[in-house]
1. If residue 28 satisfies all but one of (1) of a type in the set (A, V, I, L, M); (2) at pLDDT below 95; (3) surrounded by 15 or more Cβ atoms within 10 Å (Cβ to Cβ), what's the number of the condition it fails?
2. So which residues in the stretch 58-76 are in contact (Cβ under 8 Å) with a residue 24 or more places away in the chain, in a helix (DSSP H, G or I) and surrounded by fewer than 14 Cβ atoms within 10 Å (Cβ to Cβ), if there are any at all?
3. How about the stretch 40-57: which of its residues are out of contact with any strand residue (DSSP E or B) (no Cβ under 7 Å at 6 or more places or on another chain) and buried (at least 18 other Cβ atoms within 10 Å of the Cβ)?
4. Quick check on my filter: what residues within the stretch 67-79 are under 14 Å from the mean Cα position of the chain (by Cα) and on the phi < 0 side of the Ramachandran plot?
5. Among residues belonging to the stretch 4-21 that are assigned to a loop (DSSP other than H, G, I, E, B) and loosely packed, with under 15 Cβ neighbours inside 10 Å, point out the one that is modelled with the lowest pLDDT.
6. Since residue 37 meets every condition but one in (1) surrounded by fewer than 18 Cβ atoms within 10 Å (Cβ to Cβ); (2) assigned to a loop (DSSP other than H, G, I, E, B), which condition does it not meet?
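The values are calculated or read from the model by the stated rules, or taken from the named source; none is laboratory data. Since the structure is predicted, the reported quantities are computational estimates derived from the model, not experimental observations. A quick note on method: Cβ atoms are made from the backbone with ideal geometry, for glycine too, and the neighbour counts reach across all protein chains shown.
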Amino acid sequence: MNEFKNDETLHEDYEVFAEKISRYSFPAHAVILITGATGLIGVNLVRSLLYANRTRHLGLRMIAWCRSEEKARKIYGDLCGRSDLHLV
């Protein structure tokens, strides 16, 4: 199942982000905390990082901080089952 929306523009944006972020060196098993993970910027940041992590094998883990886990599960859908995303 496709974890990311079938929107060509979003896919292009994810790809550009993945290419740029993969140029940086991250410590092994780096953990990134994203606050406001159900807001406009937070959602797009989490999705972009997850896409880059999957396609570029970055080895990152994301902790998505949100006020409502229920709302976050609705927003992220299938992405919630990934081992590199933790909702708190």
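1. (3)
2. 71
3. 43, 47, 48, 51, 52, 53 - these are the residues of the stretch 40-57 that are out of contact with any strand residue (DSSP E or B) (no Cβ under 7 Å at 6 or more places or on another chain) and buried (at least 18 other Cβ atoms within 10 Å of the Cβ).
4. 72, 73, 75, 76, 78, 79
5. 5
6. (1)
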